[in-house]
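See structure below.
The values are calculated or read from the model by the stated rules, or taken from the named source; none is laboratory data. Computed from a predicted structure; not experimentally measured. Because the Cβ atoms are built from the backbone with ideal geometry, glycine has one as well, and the counts that use them run over all protein chains shown. When the accessible area is computed, the model is the full protein with side chains, heavy atoms only, and any ligands, DNA or RNA have been set aside. Shrake-Rupley method; radii C 1.70, N 1.55, O 1.52, S 1.80 Å.
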Amino acid sequence: MVYQKIKMIHVFIIILVVSCLCLIISKMNSTEICIFCIRKEGPIFFKKYGGNFLQLPDIDCRKNPPFLVVMVTSSHNQIKARMAIRETWGKERIVQGKRIITYFLLGITNSKDDNVVTQESQKYRDIIQKDFLDVYFNLTLKTMMGIEWVHHFCPQSDFVMKTDSDMFVNVYYLTDLLIRKNRTTRFFTGFLKTNEFPIRKIFNKWYVSYYEYPWEKYPPFCSGTGYVFSSDIASEVYNVSEKVPFIKLEDVFMGLCLAELKIHLEELHSEQTFFPDGLKFSTCRFKKIVTCHFVKPKNLLIYWKALERSLDEKCPAV
């Protein structure tokens, strides 16, 4: 009898703790995470001019403006991924006479890892870093840091790409498609998501509370695994960012900014070229894609070598 009572008390305590945790999470909003946000009536709003740049790449875009700046969201423990990217599609190169450069976006951890990143930045000069906490729910801050960098330091570039560190990016085909598209202003493309709704299940990775986002549907946006835009959009998004609700899902936040700016998403090609759900590798298939998700560093090195060996080879017609 005593054992049953103790067991019931334990169960009650567990239920109480879980209930409290659920309540805390449901009440949490982006200001608990985003230290560069401001509270207005209703949802949270992004605040510009927040934080200081700790690391900046070694480039003067006024002297030698790149055609494409690729910004890769990364974290401190993804050194293998960064090294693989530096050896493959992230290596600075000229494609069809167009200069392409790649930079990594990071926050801080308040640990010894920050010193390692500082040393890495000094060696490779390809890291952009600010003093916000580097956690998943600050991905919007990380992306906006990249947008701010383009706005202030590299508006002379033609295009900007935002992607992740577990991606294969075919910069050869991307450059070719951008040249053929012949669009230089108010152009935004990627894997289009035009019918997405907020996830209200509290333990889901992409859960968004009604407090953060009270509306029933998201505006059109592109998958955060990889999207490309003309560089003028960087300044437009940066300037309008305080006017739209801040949300921890960076691709949705970009969609909100684009909706405010009345910029419409466009397909890059009549065939699908962005693959946020991954794709089985074949050399001929990867010659005609822009991005593929879920690629590990070891495989990235293999795929890239195979791609570069086959650049001058013709593939059979499908």
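If R0 equals 25 Å, the separation of the Cβ atoms of Asn195 and Cys284 corresponds to a calculated FRET efficiency of about 0.20. Give the shape of the stretch 53-308 as rounded, prolate or oblate, defined through the alpha-carbon gyration tensor: a ≥ b ≥ c are the square roots of its eigenvalues, a/c under 1.5 means rounded, and otherwise the shape is prolate if a/b is larger than b/c and oblate if not. Because its axes are fairly even, with a/c under 1.5, the stretch 53-308 counts as rounded.
Proximity of backbone amide H atoms, modeled 1.01 Å from N, is registered between Leu279 and His293 at under 5 Å, excluding neighbours fewer than 5 places apart on the same chain. FRET efficiency for the pair Tyr136 and Lys314, taken as 1/(1 + (r/R0)^6) with r the Cβ-Cβ distance and R0 = 51 Å, rounds to 0.75. Using the 1.4 Å probe convention, the accessible area of the stretch 53-308 works out to 44 Å² per residue with neighbouring protein chains retained. With an a/c value of 1.5 or above and a/b not larger than b/c for the gyration tensor axes a ≥ b ≥ c computed over the alpha-carbon atoms, the stretch 212-259 is described as oblate. Taken one residue at a time, the phi angles of the stretch 126-132 give Karplus couplings (6.51, -1.76, 1.60, θ = phi - 60°) of 9, 10, 10, 9, 10, 8, 10 Hz. Gly and Pro are set to x.
Only Lys, Arg, Asp and Glu carry charge here, each on its Cβ (+1 for the first two, -1 for the last two); on that basis the stretch 53-308 has a dipole of about 720 debye about its Cα centre. For Lys288, which aspartates and glutamates qualify as cross-link partners when the Cα separation must be under 20 Å and same-chain residues fewer than eight apart are set aside? Correct list for Lys288: Asp164, Asp166, Asp176, Glu266, Glu267, Glu271, Asp277, Glu308, Asp312, Glu313.
Just to verify a number: FRET efficiency for Glu260 and Arg62, C-beta to C-beta distance, R0 = 45 Å, to 0.05? Spell out each step's value before the answer.
Working: r = 29 Å, r/R0 = 0.65.
Rounded to the nearest 0.05, the efficiency is 0.95.
The amide H of Val95, built 1.01 Å from its N in the peptide plane, has Ile100 as neighbours under 5 Å, considering only residues 5 or more places off or on other chains. In order along the stretch 140-147, the Karplus-derived 3J(HN,Hα) couplings, from 6.51 cos²θ - 1.76 cosθ + 1.60 at θ = phi - 60°, round to 5, 4, 5, 5, 5, 4, x, 4 Hz, and Gly and Pro are given as x.
Each residue of the stretch 203-216 was assigned a 3J(HN,Hα) from its phi angle through the Karplus curve 6.51 cos²θ - 1.76 cosθ + 1.60 (θ = phi - 60°); the sequence is 9, 6, 4, 9, 4, 9, 6, 5, 5, 6, 9, x, 8, 8 Hz, with glycine and proline shown as x.
Evaluated over the stretch 85-192, the count of Lys pairs having alpha-carbon atoms less than 22 Å apart is 13 (only pairs 8 or more residues apart or interchain).
Within the accessible area of the stretch 220-318, the carbon and sulfur atoms contribute 53%, probe 1.4 Å, all protein chains present. With the Kirkwood sum run over all distinct C-alpha pairs, the stretch 140-274 has a hydrodynamic radius of 15.5 Å.
Would you mind calculating the relative contact order of the stretch 182-224 from Cα pairs under 8 angstrom and at least 6 residues apart, reporting the percent as a whole number?
Answer for the stretch 182-224 is 48 percent.
When both bridge partners sit in the stretch 53-308, DSSP labels roughly 45% of those beta bridges antiparallel.
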